[in-house]
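The values are calculated or read from the model by the stated rules, or taken from the named source; none is laboratory data. Predicted, not measured: the structure shown is a model, and the values here were computed from it. In this analysis, Cβ positions are derived from the backbone assuming ideal geometry, glycine residues included, and neighbour counts consider all displayed protein chains.
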Amino acid sequence: MKGDFTQGKMWRNILTQAVPLTVAQLVQVLYNIVDRIYIGHLPEGGELALTGIGISAPIVTLISAFTLLFGQGGAPLCAIAEGAGNQERAQRIFGNTLSLLLGTSAVVLAVCLVFERQILFLFGASEETYAYAHQYFSVYILGTVCVMFSTGMNGFINLQGYPRVGMLTTVLGAVINLALDPVFIFGLNLGITGAATATVLAQTVSALWVLQFFLSKKSRLRIRRADLAVQPKLAREITALGLTGFMMSATNSLVQIVCNQMLGAYGGDLYISVMTVLNSVRELFTLPVQGLTSGAQPVLGYNYGAKDYRRVRQGIAFMAALGFGYTLVAWLAILLLPHAFVGLFTTDSALLDAGTEAIRIYFFAFVFMSLQFSAQSTFVALGKARSAVFFSIFRKVILVVPLTLLLPRWMGVYGVFVAEPISNVVGGLASFLTMLATVWRPLGREARQEPPSLAENQKSAFENHL
C-alpha cells in the first residue's frame, strides 16, 4: 500500500518524505524572502521598507503558528491512526483539522483587519515606518485563509505517500510569486504593496491545488460533511499534539516582537532591518533540517503505531545524525561568509556593516539547533505532546525573552543578538538529552523484548485488514 512506512529502509523512507518536503518548504520560504530581497534593493527607501516588512513579520509567524497548531497536530495523529489500521478515525481527524484551520483563519483575518494600527505599533512600528508596514500588512493579511488551508492540509497529502504532490503545492505558488514580484514591485511601481499582492495571489493558487487533490481519486482521505463537524475530544487531541509547533512559532512571534522593541530602543530602525535580514538567512539555513525532521514525523509515527520500535529508533538516529552534520556545515558557511549572506538583501553600506557584525554573533552555536529540532520532532511524531510543548516554551519564553530584555542593559544593541546562541546551546541540549532518556531508551527496551517475527506479523495482519 502506498504510504506503508513499515516496509523498506527507514533512512530511505525518511528521505523520500523529507527531500520533496524540504524543496516545498524552501519554496514556501521564498514567498517572504524574495519579497525582502526585492524590497531591500528598491532605489529609494529600501531600508525603511525592509524595516516595515520586519515589523509585519510577527503576524506572519503567528499565522504560521495557528496553521501548525492544527496541521502539525492533525497529520501525525492521522498517520498513527492509519498505521494502526483505523481508517475511520484517520478520516475524522482529517475533517476536523480542515474545519479548525478554516474557522481559525477567518477569526485571525477579522482581528487583524480591525486592530491593524494597534498591532503594528505593538510589533515595533514608529511613526516613520508605520506607513511601510501598513502597505505590506493590509494586503498580506487578505491571504490568511488560503495560506492556512494550503499549508495546514499539505501534510495530509504527504502522509498518503504523495510527497511530490505536496512539494508542488508550494512550488506552484512560489513560481507565480517569483514571476509576479518584479512585475508588481517595479513594473507597476507598487513597491511594498506589490510584493504583498504577488504573495497573496500565489497563496491562492496553492490553496486551489491542495483542494483539487483532496477532490481527486488519488486521495484516500475525503472531504465529507459528517467529518467537518468539530468533535471536542478529537479537537483537543489535535491541538494537544499540534501545540508543539504552535508554541515554537507563537513564541518565535513573541521573540520577534520583543526583539523589535529592544532593537528600536537601543539601536533604532536600522537594527530592526538587520534583524529582518538575519531572520531571512536563518529561515533559509534551517529549512533543510526542518524538512528532514518534518519528513521523518509520518514515518516515525506510522512505525510507532505499528509497534515496530526497532525501526523507530533507526529513524530517530538517522534524523539526528544527518541534521547535526548539516547544521555544522551551515554554521561554518555563515561564519566564513557573513558579508555575502547579508548582501543578498541590501546594498546599503550601514546595513551591510551592522548586519555582518550581528550575523556572526546571532548564528554562533547554530549547530545546537539541530538537537532541538530532532527532539521536538520525535516527541511530536510519537504523540508526546507535553514534552514537546515544554521545550518549545523553555527555549523561547524562559530563555530568549528574558535574555533579550536583560542583556542589552550591559551589552547594548548586540545583547539582543547574543541571546540566540545562548538559547541554542541550553535549549538544544536540554530537549535532546531528555528525549534520549524518556523516549530513546524505553524504545530500546521495548524493541529487545519484541519477538523477531512480531513486526512482520503485525504488518501482515494490517495488510489483510485492508
inquiry  = Could you go through region 155-164 and let me know if any residue there is within 23 Å of the chain's Cα centre (by Cα) and closer than 25 Å to residue 54 by Cβ.
reply    = no
remark   = Taking first residues from region 365-381 that are in contact (Cβ under 8 Å) with a residue 60 or more places away in the chain and second residues anywhere that are buried (at least 23 other Cβ atoms within 10 Å of the Cβ) and of a type in the set (Lys, Arg), the pairs with Cβ under 9 Å that are 6 or more apart or on different chains are 372/395
task = Being out of contact with any Cys (no Cβ under 6 Å at 6 or more places or on another chain), in contact (Cβ under 8 Å) with a residue 24 or more places away in the chain, small (Gly, Ala, Ser) and more than 21 Å from residue 280 (Cα to Cα) narrows it down to one of 206, 253, 249, so name that one.
result = 206
query = If only one of 115, 70, 137 is of a type outside the set (A, V, I, L, M) and free of Cβ contacts under 8 Å to residues at least 40 places away in the same chain, which one is it?
reply = 115
ask   = In this structure, is residue 238 touching a Ser or Thr at 6+ places or on another chain (Cβ under 8 Å) and either of a type in the set (Lys, Arg) or assigned to a helix (DSSP H, G or I) (or both)?
value = yes
request  = Taking the options 82, 116, 128, name whichever one is acidic (Asp, Glu) and over 18 Å from residue 260 (Cα atoms).
outcome  = 82
key: Breaking point among (1) in a helix (DSSP H, G or I); (2) touching a residue at least 40 places away in the same chain (Cβ under 8 Å); (3) in contact with a helix residue (DSSP H, G or I) (Cβ under 6 Å, 6 or more places away or on another chain); (4) under 20 Å from residue 159 (Cβ atoms), for residue 89   = (2)
ask   = Can you name the residue in region 288-308 that is among the hydrophobic types (A, V, I, L, M, F, W, C) and more than 10 Å from residue 21 (Cβ to Cβ) and, of all such residues, is modelled with the lowest pLDDT?
value = 306
